[in-house]
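**Student:** Next up is a structure, given as structure tokens.
The values are calculated or read from the model by the stated rules, or taken from the named source; none is laboratory data. Keep in mind it's a predicted model, so treat the numbers as computed, not measured. Positions of Cβ are backbone-derived with ideal geometry, glycine not excepted, and every protein chain shown enters the neighbour counts.
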Amino acid sequence: MRTAAHVAVPLLFLSAGTGCTSSSTAGPPPPIAVPTPSAASPGNTAPAVPVGDLKLPIDDYGQTLEEQGTVSMARGILIGRCMASYGFHYDPAADRAEQERFKHNAIIDNGLYGNIRRYGVTTATIASRIGFHMPSTVDQPASPRRPTNGLGDLPETGEKLLVGSGAGKVNGKDVPPGGCVGQADAQLAGTAEISRAELVAKIRADSYQASLADPKVKTAFAAWARCMAKRGYRYPDPRRSGTDFDIGVPEVTPAEIAAATTDVACKQAVDLVDIWSTFEINYQREQIRIHAPELQEIALQARLQVSRAQVVLGS
């Protein structure tokens, strides 16, 4: 027996369109019906931005981690209901509790837009309290129990039903395309295409990669390294800062606090975050101009997916 934890979707990798297609005699249910917005309405509505977070232009066209958590929770419920319809045990309360904890930790670690550590530790308040650690590692150590998505241990037939691998029928019923996971994804994705939704992630990744070759950013990196060296820290660039500390354990050492606060002070002294983010902002704005129609459609589909998820959570 295995648990169903391996089908959980980490929030940061959840796409606006994740529909699965495969041949099967069982047809998937239609997408969840929601009112169609009159416009793509970029601009996420979400709780207050955590300290040190940063919103970049491309973030208007995707989902916040709060929204991704909503979709992920609805996805888990749809998967669980599907599994239950074939006679397998599903505990929705346990599933929701696991999903809520995962979402909470993702937001406190990464911010609403996933950018809180894009340039490393950038705020003195964080550095002086937890160094280079993630908040969830220090404040909420990992549970010794492995999450199961409310499904518990599954027999082999349950595993096959979950992802649709080689199972034509389970308990006398046809398996939907892609299994219960594929069915849930299709219901939430609607007509969205994953290849199109990935444009947002591509622009976000490309702007970061391109920034590393920008002369102004490279000059700021060198100035930061000199600042750190004067204080006894030999890191080649800000991306390597803190890599000599173990951030996988809850304990934060005084040496780590000292290095992290120095890191932040040097970033502020050479205006590193402003220079670095300015390049990315300008790069992303140009890409948004080039891909405007496609990004507007992606933003619309992202909003629709959240709306479908909210319908599931309210049902």
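**Student:** For residues that are surrounded by 15 or more Cβ atoms within 10 Å (Cβ to Cβ) and closer than 21 Å to Ile288 by Cα, tally how many sit in the stretch 211-236. Don't jump to the end; show me each part of the working.
**Tutor:** Here is the first cut: in the stretch 211-236, the residues surrounded by 15 or more Cβ atoms within 10 Å (Cβ to Cβ) are 211, 214, 217, 220-221, 223-225, 227-228, 233, 235.
If we keep only those that are closer than 21 Å to Ile288 by Cα as well, we get 211, 214.
So the count comes out to 2.
**Student:** Which residue out of Ser72, Ser136 is surrounded by fewer than 21 Cβ atoms within 10 Å (Cβ to Cβ), within 21 Å of the chain's Cα centre (by Cα) and hydroxyl-bearing (Ser, Thr, Tyr)?
**Tutor:** Ser136
**Student:** List pairs: first residue in the stretch 191-218 and acidic (Asp, Glu), second residue modelled with pLDDT under 95 and surrounded by 13 or more Cβ atoms within 10 Å (Cβ to Cβ) anywhere in the structure, Cβ distance under 6 angstrom, at least six positions apart or on different chains.
**Tutor:** Glu193/Gly17
Per-residue answers, yes or no, for (1) in a loop (DSSP other than H, G, I, E, B); (2) closer than 30 Å to Trp276 by Cα:
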site	(1), (2)
Met83	no, no
Ala93	no, no
Ala97	no, no
Ile108	no, yes
Leu112	yes, yes
Phe132	yes, yes
Leu162	no, no
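**Student:** Taking into account only those residues within the stretch 56-76 that are assigned to a helix (DSSP H, G or I) and among the small types (Gly, Ala, Ser), which is nearest to Val273 (Cα to Cα)? Before you say what the answer is, go through the steps one by one.
**Tutor:** Filtering the stretch 56-76 down to residues assigned to a helix (DSSP H, G or I) leaves 57-61, 65-76.
In the following step, the residues that additionally are among the small types (Gly, Ala, Ser) were identified as 69, 72, 74, 76.
Details: Gly69: 28, Ser72: 32, Ala74: 36, Gly76: 37 Å.
Top of the filtered list is Gly69.
**Student:** Now for a separate question. Going by the structure shown, is Val252 aliphatic (A, V, I, L, M) and either more than 30 Å from Arg75 (Cβ to Cβ) or surrounded by fewer than 20 Cβ atoms within 10 Å (Cβ to Cβ) (or both)? Give the derivation first.
**Tutor:** Numbers: aliphatic (A, V, I, L, M): yes; either more than 30 Å from Arg75 (Cβ to Cβ) or surrounded by fewer than 20 Cβ atoms within 10 Å (Cβ to Cβ) (or both): yes.
Here the answer is yes, as Val252 does meet what is asked.
**Student:** Then there's this: Scan the stretch 291-306 and tell me whether some residue there is acidic (Asp, Glu) and under 22 Å from the mean Cα position of the chain (by Cα). Quick ask: steps written out before the conclusion?
**Tutor:** Of the stretch 291-306, the ones acidic (Asp, Glu) are 294, 297.
Now drop any that are not under 22 Å from the mean Cα position of the chain (by Cα), which leaves 294, 297.
Within the stretch 291-306, one or more residues are acidic (Asp, Glu) and under 22 Å from the mean Cα position of the chain (by Cα).
**Student:** Further question: Criterion first (out of contact with any strand residue (DSSP E or B) (no Cβ under 9 Å at 6 or more places or on another chain) and either at pLDDT 95 or above or closer than 30 Å to Glu100 by Cβ (or both)) does Pro238 satisfy it? First the steps, then the outcome.
**Tutor:** On the way: out of contact with any strand residue (DSSP E or B) (no Cβ under 9 Å at 6 or more places or on another chain): no; either at pLDDT 95 or above or closer than 30 Å to Glu100 by Cβ (or both): yes.
No: the conditions fail for Pro238.
**Student:** Search the stretch 42-61 for residues being within 11 Å of Gly111 (Cβ to Cβ) and among the acidic types (Asp, Glu), and hand back the single one that is modelled with the lowest pLDDT.
**Tutor:** Result: Asp53.
**Student:** Could you list, in sequence order, the residues of the stretch 237-246 that are closer than 29 Å to Phe279 by Cα and surrounded by 11 or more Cβ atoms within 10 Å (Cβ to Cβ)?
**Tutor:** Just the residues of the stretch 237-246 that are closer than 29 Å to Phe279 by Cα, to begin with: 237-244.
Asp237, Pro238, Arg239, Arg240, Ser241, Gly242, Asp244 - these are the residues of the stretch 237-246 that are closer than 29 Å to Phe279 by Cα and surrounded by 11 or more Cβ atoms within 10 Å (Cβ to Cβ).
**Student:** So if I check each of Arg96, Arg81, which one is under 21 Å from the mean Cα position of the chain (by Cα), surrounded by fewer than 23 Cβ atoms within 10 Å (Cβ to Cβ) and of a type in the set (Lys, Arg)? Talk me through it step by step, then tell me what you get.
**Tutor:** Values: Arg81 fails: under 21 Å from the mean Cα position of the chain (by Cα).
It is Arg96.
**Student:** Please find, within the stretch 133-156, the residue that is farthest from Thr253 (Cα to Cα) out of those that are of a type outside the set (A, V, I, L, M) and at pLDDT below 70. Step through it out loud before you land on a result.
**Tutor:** First, the residues of the stretch 133-156 that are of a type outside the set (A, V, I, L, M): 133, 135-137, 139-141, 143-150, 152-153, 155-156.
Applying the additional criterion that residues be at pLDDT below 70 yields 141, 143-148.
Details: Pro141: 16, Ser143: 22, Pro144: 24, Arg145: 27, Arg146: 28, Pro147: 30, Thr148: 33 Å.
Residue satisfying both the conditions and the ranking: Thr148.
**Student:** Hey, can you tell me all the residues within the stretch 274-312 that are small (Gly, Ala, Ser) and surrounded by fewer than 16 Cβ atoms within 10 Å (Cβ to Cβ)? Working first, answer last.
**Tutor:** Pass one, the stretch 274-312, residues small (Gly, Ala, Ser): 277, 292, 299, 302, 307, 309.
Correct list: Ala292 only.
**Student:** Which is acidic (Asp, Glu), under 23 Å from Ala189 (Cα atoms) and touching a helix residue (DSSP H, G or I) at 6+ places or on another chain (Cβ under 9 Å), of Asp109, Asp91, Asp95, Asp139? Break it down into steps so the answer makes sense when it comes.
**Tutor:** Details: Asp109 fails: under 23 Å from Ala189 (Cα atoms); Asp91 fails: under 23 Å from Ala189 (Cα atoms); Asp139 fails: under 23 Å from Ala189 (Cα atoms).
Within the list Asp109, Asp91, Asp95, Asp139, the selection yields Asp95.
**Student:** May I pose another question? Residues of the stretch 174-193 being hydrophobic (A, V, I, L, M, F, W, C), at pLDDT below 90 and either more than 12 Å from Gln305 (Cα to Cα) or in contact with a helix residue (DSSP H, G or I) (Cβ under 6 Å, 6 or more places away or on another chain) (or both), which ones? Write out each step before concluding.
**Tutor:** We begin by selecting, within the stretch 174-193, every residue hydrophobic (A, V, I, L, M, F, W, C); these are 175, 180-181, 184, 186, 188-189, 192.
Still in the running and at pLDDT below 90: 189, 192.
Matches in the stretch 174-193: Ala192 only.
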